[in-house]
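Take a look at the structure set out below.
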Amino acid sequence: MIRIGQLALTALVTWFVVSRVGLGFDDLAGLEAGAWTPRPSMLVVASVALLLAYLASASIWGRIVWDLGGPALGARDSVQVFMVANLGRYVPGKVWQIAGLATLAHRRGVPVGVATGAAVAGQGVALIAAAAVGVPALFWAPDPFPAWGWIAVAVLTTSLVVGSIPAAFDRIAGAWFRLTRSKPPAKLAPARVLGWFGLYLLNWVLYAAAFRLFALSFDPGGAAVAVASSFAAAYVLGYVMIFAPAGLGPREGFLILFLTPHLGTGASTLVAVAARVWTTLVEVVPAAAGWILELKHRPAPSGTPLPPPESPRAAGASEEANHG
């Protein structure tokens, strides 16, 4: 019954959003036959840019692990753990990606507290950065989204200003970690979080640029900033729909809504649906390769301690986590 309810909510939200743009079969039938085939050269460039964005996300997560006192994960381990754990996004609930990051990182000597803290903190900061990149799309969307855009600007600005105050930051971070039923890491500090925010902001600019290139492969027009920011805005709104695995359905609906003023209803629908296939393939193919490698990486048997971290700093962090 829970699964049926999730499917019903997903369908309802998707229908509600898409109905706002008056999408009909005539809009798709009106597209020329060539509109359904992307230009290979532009598609390759967009795919490379998207893959680089995924790799950058993995590197930022590895940086967060280090900043929180964990061991320095190599580029290969960071990418492998991050990409494989990303498969958890396709399971309803949003918790599986975080659990996967914590579990796979722990196998590589990262203390449980640091692994979970890095996963939860990274998710929160990345979501705020995506919202910041997606705000411009709200101002071009139909009512009531422009009003929501001003609200989003006010909330993001207030959060960054208030979050720089240590006492307020502790309350905000505590609320986020309570929401995810985890404990804030001891080394979580405003300055570090602002640094992560800057990195994720650049990361999401790259995601948005990759989507813009993907849209251009179908040769639609539209202002570059408006089209690019639509991808980030739709991602955030799809993310908060926790009942939809990887935001499937609502994310496409919101993307059509945001793109329609710039590309038209038919082209927006084509790009939104094709983007889901594109992002999934670019994400799942390297994740599958990482999964195969992960299967060869045998975890330590139950009751057997993991090998001690190589660096003294990481060893100290592990000892603190064990005492905790």
Taking first residues from region 80-109 that are at positive phi and in a loop (DSSP other than H, G, I, E, B) and second residues anywhere that are aromatic (Phe, Trp, Tyr) and at pLDDT below 80, the pairs with Cβ under 9 Å that are 6 or more apart or on different chains are Gly93/Phe243
Checked region 56-86 for anything more than 15 Å from Ala126 (Cα to Cα) and among the hydroxyl-bearing types (Ser, Thr, Tyr); matches are Ser78
message = Suppose the filter is out of contact with any helix residue (DSSP H, G or I) (no Cβ under 7 Å at 6 or more places or on another chain), more than 15 Å from Phe82 (Cβ to Cβ), assigned to a helix (DSSP H, G or I) and not aromatic (Phe, Trp, Tyr); does Ile151 pass it?
response = yes
Of (1) out of contact with any helix residue (DSSP H, G or I) (no Cβ under 6 Å at 6 or more places or on another chain); (2) part of a helix (DSSP H, G or I); (3) in contact (Cβ under 8 Å) with a residue 40 or more places away in the chain, Phe197 satisfies every one except (1)
Subset of region 166-194, residues of a type in the set (Lys, Arg) and touching a helix residue (DSSP H, G or I) at 6+ places or on another chain (Cβ under 8 Å), comes to Lys183, Lys187, Arg192
When region 103-112 is checked residue by residue, the ones that are of a type outside the set (S, T, N, Q) and surrounded by fewer than 24 Cβ atoms within 10 Å (Cβ to Cβ) are Leu104, His106, Arg107, Arg108, Gly109, Val112
(request) For region 103-117, state whether one or more residues are closer than 23 Å to Ser164 by Cβ and either in contact with a strand residue (DSSP E or B) (Cβ under 8 Å, 6 or more places away or on another chain) or modelled with pLDDT under 85 (or both). (result) yes
Exactly one of Arg181, Arg171 is farther than 25 Å from Leu255 by Cβ, among the basic types (Lys, Arg) and part of a helix (DSSP H, G or I), and that residue is Arg171
Notebook entry, point to check: In this structure, is Gly34 at positive phi, at pLDDT below 55 and over 25 Å from the mean Cα position of the chain (by Cα)?
Noted result: no
Do we have any residue at all in region 5-25 that's among the hydrophobic types (A, V, I, L, M, F, W, C), in contact with a Phe, Trp or Tyr (Cβ under 7 Å, 6 or more places away or on another chain) and modelled with pLDDT under 85? yes
Exactly one of Ala186, Ala226 is small (Gly, Ala, Ser) and part of a helix (DSSP H, G or I), and that one is Ala226
Screening Phe231, Phe211, Phe177, Phe197 for residues that are under 20 Å from the mean Cα position of the chain (by Cα), over 18 Å from Ala130 (Cβ atoms) and surrounded by 14 or more Cβ atoms within 10 Å (Cβ to Cβ) leaves only Phe177
Restrict the check to region 134-141 and report whether at least one residue is in contact (Cβ under 8 Å) with a residue 40 or more places away in the chain and either touching a His at 6+ places or on another chain (Cβ under 6 Å) or outside any helix (DSSP H, G or I) (or both). yes
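The values are calculated or read from the model by the stated rules, or taken from the named source; none is laboratory data. All values derive from a computational prediction rather than experimental measurement. Please note: Cβ atoms are built from the backbone with ideal geometry, for glycine as well, and neighbour counts cover all protein chains shown.
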